Every structure is written in C-alpha cells, then in structure tokens.
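Take a look at the structure set out below.
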2 protein chains.
Amino acid sequence: MDSQGSFPLGPSSLTEALYESVRKRIVNGEIAPGEKLTEVRIAGEYNVARPTAKACLERLTALGLLRRSVHKTAVVPKLGEDEIRDLYFSRETVERAAVAALARRGVVPPAAVRAQAAMKAAATDMAFESQVEADIAFHSALVAGVGSRRLSRMHEVILGEVHLTMGQFQAHRTTHPMNVAREHDDILKAIEAADPEAAQQRLTHHLDQAQDRLIGQLRREGGAVEEPSEEAPA
Amino acid sequence: MDSQGSFPLGPSSLTEALYESVRKRIVNGEIAPGEKLTEVRIAGEYNVARPTAKACLERLTALGLLRRSVHKTAVVPKLGEDEIRDLYFSRETVERAAVAALARRGVVPPAAVRAQAAMKAAATDMAFESQVEADIAFHSALVAGVGSRRLSRMHEVILGEVHLTMGQFQAHRTTHPMNVAREHDDILKAIEAADPEAAQQRLTHHLDQAQDRLIGQLRREGGAVEEPSEEAPA
DNA sequence: TCGTGAATACTTGCCTGACAATTCCACAGC
DNA sequence: GCTGTGGAATTGTCAGGCAAGTATTCACGA
C-alpha cells in the first residue's frame with residue numbers, strides 16, 4: 001500500500017511508542033480491568049526510565065483509560081452501567097452532530113466507505129478484535145469527515161473508552177457483525193440523500209442498540225468477572 | 001477568611017498549583033499569544049524542577065492552551081478565524097446537547113441561576129476579566145447541570161480555549177454585558193418551559209453572536225498585534 | 001479467636017544532575 | 001544576496017534518591 005513515502009511514520013519518540021503500545025494493550029483487554037499498573041512495572045517491561053513510564057500513565061489517565069487517585073497506583077477501569085450510559089450519551093452527542101453536518105453537505109467521507117468495506121470483509125472470517133477495530137474505524141472516519149479538529153479530538157477520547165469496554169467483553173460477544181454493517185449502510189445512505197434528520201435518527205438507533213448490547217452483557221456477567229488472569233505479558 | 005476548614009483546598013500538590021497558576025496567566029492574557037514558554041523559564045519563575053515544569057506544559061498542550069511540536073518550545077496560540085469557527089462549532093455541539101437535556105427535564109440548574117446573578121452584578125461595575133469569568137461560569141454550570149461527567153470534561157477543554165481567546169481581546173471589547181445577560185435569561189426560560197427546541201435555538205443564537213463578535217474583533221485588529229509586552233511577571 | 005494498632009514495605013511526588021539529539025540563529029564564505 | 005556551517009539554546013531521556021503517603025502485615029491485647 002504505502003510504497004512510496006513511508007507515511008505512517010511509526011511513533012517518532014520513545015514516549016509516543018510506549019504510549020501507543022500500552023494503550024493498545026489496555027483497549028484490547030490484554031491488561032485486564034482492575035489490574036494494577038505501577039510505574040516501575042511499565043518501566044521494567046519496556047526498559048525505560050520511571051519518569052517516562054509515569055508520563056505514559058498520566059496521559060492514559062487523562063484519556064480515561066486508567067484511573068488513579070493521588071498516591072495510589074493506576075488501574076484499568078471497568079465501566080459500570082451508568083458509566084456506559086454516560087459514555088454513550090456523550091458519544092451520541094458528538095456523532096449526531098457529525099452525521100448532521102455531513103448530511104447537510106450530502107457527501108459521504110471516502111474513508112468511511114473504505115472502513116465500511118473493511119468491516120464487511122472482517123465480518124465473515126476475521127477475529128473479533130479486527131471487527132471491533134473496523135467498526136471503530138468507521139465511526140472515526142465519519143467524524144473525521146466533518147473536518148473539525150476539536151470534534152475529532154473529543155471523539156477520539158470517547159472512542160478510547162468505547163474500545164476499552166468492547167475489548168473487555170471480547171470473549172462473550174453476541175453481536176452479529178452483518179447487522180452492524182447494515183445499520184452503517186443505512187446511515188451512509190441518509191447522509192448521501194442529504195437528510196440530516198434521518199441520518200441522526202438512524203445513528204441514534206444504531207448507538208442505542210450497541211449500548212443495550214453492552215449493558216446486557218454487563219448484567220449477564222454480573223460480578224462474575226473474577227478471573228484474575230495474571231499471565232506475565234512479556 | 002477561611003477560619004474553620006480551609007475549604008477551597010489550595011491545589012493539593014505542587015504540580016497542581018503550578019498548573020493552575022500558569023493556566024490562569026495564559027487565559028487571562030498575561031502571557032501574550034505567540035509568547036514562548038520554555039521549560040527552564042517556568043522552572044525558574046516558580047522555583048521548581050524542570051521535569052515538573054515539563055509536565056505542566058504537557059498538560060496545557062493537551063488542553064490546547066499551548067502548542068508545540070517535538071523538540072520545539074511551547075507557544076501560546078492565537079486562534080485564527082477558522083479556528084474560532086471550529087471552536088464554536090464544537091462548543092455549540094456540546095452546549096446544544098446540554099440545554100436540550102436540561103429542557104427535557106424542565107429543570108434549571110441552581111448553579112446556573114447563581115452564575116447568572118453574578119453575571120448581572122459584574123455587568124455594571126466590575127472588571128472585564130470578572131465578566132468573562134461569570135459568563136464562563138454560567139455556561140459551565142449549564143453543562144454541569146446535565147450530570148454527565150464526560151460531557152462536562154469535553155466542555156471544560158473547549159471553554160479553556162474560549163477563555164483564552166476572549167482574554168486576548170481584553171482591551172478592545174465592544175460587548176454590552178447586559179445583552180449577554182438577557183440572552184442567558186432567554187435560554188433559562190426556555191429550559192424552564194421544558195421546550196428543548198427553543199432552548200437550542202436561543203443557545204445557538206447566543207453563541208453565534210459571540211462568535212461573530214470575536215471574529216469581528218479579529219478582523220479589525222488584523223495583524224496589528226505587534227505589541228511585544230515583555231514585562232517580567234514575578 | 002478476633003479485632004486493633006503499630007511497624008514495615010510499596011508506591012508515588014518531586015528533586016538534582018547529566019548527556020544526547022535536535023532546532024534555532026547568526027555569521028562567514030561564495 | 002544566498003547558502004552552508006558553527007555554536008547556543010532547548011528538549012528528550014536517563015539515573016538515582018529522598019520524602020511522604022498508602023497498603024499490608026504482624027504482633028499484641030481483649
């Protein structure tokens with residue numbers, strides 16, 4: 001694909017690379033919710049100095065991917081029911097504004113179309129994590145298509161927590177990827193038809209369903225998340 | 001004053017206090033836009049170690065109150081016309097969702113009423129900075145009244161940049177505070193009447209006016225912001 | 001046996017000091 | 001006048017360390 005310019009530019013600095021790696025491990029569920037992340041542990045695992053690890057944990061905390069109070073060690077949060085509701089309320093706020101803006105222009109961002117294609121491809125034969133990533137890429141492209149730096153930034157933060165929560169339910173999913181893909185198509189059609197109302201309404205429906213699925217799983221599992229899962233990572 | 005409990009809780013940690021202080025200086029315009037903030041300068045002014053100053057600058061950068069790329073020194077940004085538009089687009093997105101949610105419940109957050117009273121008091125005889133702060137407190141209370149942690153957090157970031165931009169036009173303001181207060185009242189009335197549509201529409205009008213004022217001032221001043229203003233601060 | 005309190009270990013907050021890598025600025029050379 | 005090279009300034013990252021706060025354990029008494 002990127003044969004000419006080496007665009008992606010692998011994270012420039014050490015701090016950046018470290019941040020990306022830890023972030024990925026958290027949202028993928030490799031680091032279980034409730035697990036403690038001390039500065040020295042990160043520093044040891046990656047062979048970096050403690051201040052570097054500290055900065056990394058601070059960034060992740062600011063994004064909501066870790067929780068910690070003053071002198072206590074950071075832990076991966078597990079969102080409860082009302083936190084999921086809050087998260088999805090915020091998510092709807094941002095994404096509704098995005099699809100409305102897109103529909104007013106009547107143009108579908110090309111990146112969203114590509115992401116949607118990837119989603120359908122992943123639906124049949126790929127791993128759960130790939131599906132989640134394709135789904136997130138789709139919504140991300142939708143918001144990015146608006147062209148508002150600040151809206152995208154807010155959305156990025158929100159999607160971080162969404163990704164985290166979805167990753168935590170990894171093993172017990174009950175979602176049919178094709179249904180999700182169909183709903184995505186509906187949203188795109190409404191945007192293309194320059195119908196903001198319909199686009200917003202379909203998006204809301206789509207997100208409400210996703211939220212219900214998450215809360216449903218949460219309730220089903222209840223407090224049954226006792227598996228400590230203490231495998232040493234690296 | 002604080003004879004019994006010392007409530008305000010002067011920022012617990014050094015880092016926090018430093019952050020608050022620098023932040024205030026930036027949004028108040030004490031540190032002019034375009035001015036460079038090096039780590040050693042902050043460290044020197046406050047007598048803290050460089051890593052501490054570094055963390056402070058990083059936090060402010062994450063909030064958009066400073067700009068910097070790798071290996072370059074942080075500068076206070078001066079928002080251009082399209083950045084102001086982007087900022088206000090994001091702001092409208094968040095605040096419209098907030099007033100709509102409040103109007104659906106039909107209850108006005110008490111804090112918003114208090115902030116509005118303070119605003120009217122400040123309109124007649126107080127300094128410009130107090131008016132700006134009262135205005136921000138009002139909008140802040142509005143969003144906080146919804147009770148969504150994440151919406152409030154997003155709004156906080158946005159208001160930071162709004163405050164910054166307003167502070168930069170400090171000397172040349174042309175706004176009549178009483179008009180602003182009237183518009184605030186209109187919004188509150190719509191919320192109380194449980195009319196989400198009206199509340200959103202009035203909010204949009206209010207914010208559009210604010211945006212136009214800012215852009216108007218920006219155009220008027222043009223590139224005429226040559227006063228270096230190099231007074232030593234402390 | 002069970003709680004309660006104190007001592008200990010762990011972890012974070014913040015510091016000093018240092019070196020490498022990078023960027024910025026000015027000056028010399030063509 | 002423009003370009004290139006040098007030094008100064010600044011940031012990225014590290015090592016090591018002390019103080020302070022938190023959690024945990026263990027002994028002791030009821």
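Coordinate-derived values only; no laboratory data. Please read all numbers here as calculations on a predicted model, not as lab measurements. In this analysis, Cβ positions are derived from the backbone assuming ideal geometry, glycine residues included, and neighbour counts consider all displayed protein chains.
Shape verdict for the protein assembly as shown, please, from the Cα gyration tensor: rounded (a/c under 1.5), prolate (a/b greater than b/c) or oblate. Numbers along the way, then the final one.
Values: a/c = 1.58, a/b = 1.21, b/c = 1.31.
Judged from the Cα gyration tensor, the protein assembly as shown comes out oblate (a/c at least 1.5, b/c at or above a/b).
Starting from the eigenvalues of the Cα gyration tensor, five times each then square-rooted, give me the equivalent ellipsoid semi-axes of the stretch B:81-221, largest first, whole Å.
Details: eigenvalues 107, 58, 37 Å².
They are 23, 17, 14 Å, listed from largest to smallest.
What lysines does B:Lys189 reach when the alpha-carbon gap must be under 26 Å and sequence neighbours fewer than 8 apart in one chain are set aside?
Within reach: B:Lys120.
On a 0 to 90° scale, report how tilted helix B:149-168 is relative to the longest principal axis of chain B, with both axes built from alpha carbons and the result rounded to the nearest 10.
70 degrees
Note down the nm distance, to one decimal, between modelled labels 7 Å out along Cα→Cβ at A:Ala121 and at A:Asp82.
4.4 nm
Is the shape of the stretch B:10-91 rounded, prolate or oblate, going by the alpha carbon gyration tensor and its root eigenvalues a ≥ b ≥ c, with a/c under 1.5 for rounded and a/b larger than b/c for prolate? Please list the in-between numbers first.
Details: a/c = 2.10, a/b = 1.63, b/c = 1.29.
Prolate shape, in that a/c is at least 1.5 and a/b is the bigger ratio.
Structure shown: which of A:Lys36/B:Lys72; A:Lys54/A:Lys78; A:Lys72/B:Lys72; A:Lys54/B:Lys54 lie over 23 Å apart, alpha-carbon to alpha-carbon?
Working: A:Lys36/B:Lys72 34 Å; A:Lys54/A:Lys78 21 Å; A:Lys72/B:Lys72 33 Å; A:Lys54/B:Lys54 13 Å.
Pairs exceeding the cut-off: A:Lys36/B:Lys72; A:Lys72/B:Lys72.
What is the angle, in °, between the Cα long axis of helix B:14-27 and the longest principal axis of the Cα atoms in chain B? Nearest 10 is fine, range 0 to 90.
With both axes taken from Cα atoms, the answer is about 70 degrees.
Could you list A:Arg25, A:Arg96, A:Arg41, B:Arg220 in order of exposure, starting from the residue whose Cβ has the fewest other Cβ atoms within 10 Å? Don't skip to the answer; put the middle values down first.
Working: A:Arg25 17, A:Arg96 20, A:Arg41 14, B:Arg220 11.
The most exposed by this proxy come first: B:Arg220, A:Arg41, A:Arg25, A:Arg96.
Between copies, how close do the A:Thr73 label points come, placed 7 Å along Cα→Cβ, listed in nm from shortest?
Listed shortest first, these distances are 4.0 nm.
Cross-link partners among aspartates and glutamates for B:Lys24, C-alpha distance below 18 Å, same-chain residues fewer than 8 apart left out?
B:Glu16, B:Glu35, B:Glu39, B:Glu45, B:Glu58, B:Glu129, B:Glu133, B:Asp135, B:Glu156, B:Glu161, B:Glu230, B:Glu231
Between chain A and chain B, with a rotation axis joining them, whose C-beta in A is nearest that axis, and what is the whole-Å distance?
A:Met154, 3
Please give the helix A:81-105 orientation as an angle from the longest Cα principal axis of chain A, in degrees from 0 to 90, rounded to the nearest 10.
40 degrees
Taking amide H atoms as placed 1.01 Å from N in the peptide plane, list the residues 5 or more away in sequence, or in a different chain, whose amide H sits under 5 Å from that of A:Ala74.
A:Leu37
For A:Glu221, place a label point 7 Å from Cα along the Cα-to-Cβ direction in every copy; what are the distances to the other copies, in nm, shortest first?
5.1
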